[in-house]
Amino acid sequence: MSHIEGIVDSLENKISNVLHKLEVLKQANSKLNEELEKSKQKIRDKEQQISTWEDKYEALKIANTMLGSDDNKRETKLKINALIRDIDHCIAQLSD
């Protein structure tokens with residue numbers, strides 16, 4: 001009988017160890033998921049910053065062209081023409 005009790009005790013110890021390791025892994029997994037979410041949020045923030053800076057850069061290019069710079073003149077003319085078309089479209093809608 002003592003041989004069977006030894007086997008049962010050994011199994012209980014092994015199960016206890018496995019359950020402990022499982023709990024440790026769950027905690028580690030939870031921590032990694034939190035870090036992943038923080039990293040994803042940082043990436044979203046950086047992408048938003050990049051978008052904002054790109055918009056500012058485009059506005060600066062247009063402003064430089066309007067101030068007399070020959071760089072990007074074509075782009076500025078196209079942008080102005082697009083704005084004029086939008087304004088004409090709005091006026092047409094208001095007229096109806």
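Hey, can you tell me all the residues within region 62-96 that are among the hydroxyl-bearing types (S, T, Y) and surrounded by fewer than 10 Cβ atoms within 10 Å (Cβ to Cβ)?
S95
Do we find that A59 is surrounded by 10 or more Cβ atoms within 10 Å (Cβ to Cβ) and either modelled with pLDDT under 90 or among the hydroxyl-bearing types (S, T, Y) (or both) in this structure?
Against the criterion (surrounded by 10 or more Cβ atoms within 10 Å (Cβ to Cβ) and either modelled with pLDDT under 90 or among the hydroxyl-bearing types (S, T, Y) (or both)), A59 qualifies.
What pairs come up if the first residue lies in region 76-96 and is within 26 Å of A63 (Cα to Cα), the second is among the hydroxyl-bearing types (S, T, Y) and part of a helix (DSSP H, G or I), and their beta carbons are under 8 Å apart, counting only those six or more places apart or on different chains?
If the second residue must be among the hydroxyl-bearing types (S, T, Y) and part of a helix (DSSP H, G or I), the pairs left are T76/T65.
The values are calculated or read from the model by the stated rules, or taken from the named source; none is laboratory data. In this text, all values refer to a predicted model and were calculated from it rather than measured experimentally. Heads up, the Cβs are rebuilt from the backbone with ideal geometry, glycines too, and the neighbour counts pull from every protein chain shown.
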